[in-house]
Amino acid sequence: MELTKNASRLIAKYGQAAVILRPGEGVDDGYGNITPGDDTAHPCTAFVATFTVNEEFIAAGLMDVGDQRVLVSADGLTITPETTDKMQIGTTIMDIVRVVPHAPGGTLFFWEVQSRDLV
């Protein structure tokens, strides 16, 4: 439990406010098309770190130039981030490409999220 508090404290100290956007339920428009529902915002605290980029990762499609490594505090976040969600930091909205929970021994410390700009 102490390590979880330390991780949350450090992410809060060096991080910033962020939002995970979960897509709303789609609605059938009557013609067989699904109209996406409004996103639900889930506030969180996130610290943007850098990846050590290897050309092999980019060539293999595991990473793209400009991908962000974001450490998301488990403190106060009521959902588990998923790759169908988006992440907003400031005015920038990014796709979530990969989510890795850091939970040794079954205790969640934080999530490591790989996010990609929607450009």
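The values are calculated or read from the model by the stated rules, or taken from the named source; none is laboratory data. Note that the structure is a prediction, hence the values are computed from the model and not measured. Cβ atoms come from the backbone with ideal geometry, glycine included; neighbour counts cover every protein chain shown.
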Tally of residues being surrounded by 17 or more Cβ atoms within 10 Å (Cβ to Cβ) and over 15 Å from Gln16 (Cβ atoms) across segment 60-85: 5
Matching residues in segment 15-58 - criterion: being modelled with pLDDT of 90 or more, within 18 Å of Glu112 (Cβ to Cβ) and not in a loop (DSSP other than H, G, I, E, B): Gln16, Ala18, Val19, Ile20, His42, Cys44, Thr45, Ala46, Phe47, Val48
Please indicate, with yes or no, whether at least one residue in segment 32-42 is touching a strand residue (DSSP E or B) at 6+ places or on another chain (Cβ under 8 Å) and of a type in the set (Ser, Thr, Tyr). yes
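Residues are listed down the side, and each one gets a yes or a no for (1) touching a residue at least 12 places away in the same chain (Cβ under 8 Å); (2) among the hydroxyl-bearing types (Ser, Thr, Tyr); (3) exposed (fewer than 12 other Cβ atoms within 10 Å of the Cβ):
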| residue | (1), (2), (3) |
| --- | --- |
| Glu2 | no, no, yes |
| Asn6 | no, no, yes |
| Tyr14 | yes, yes, no |
| Thr40 | yes, yes, no |
| Phe47 | yes, no, no |
| Gly106 | no, no, yes |
Which strands (runs of 3 or more DSSP E) does segment 59-107 wholly contain that include 1 or more residues that are closer than 20 Å to Glu2 by Cβ? 68-73, 92-102
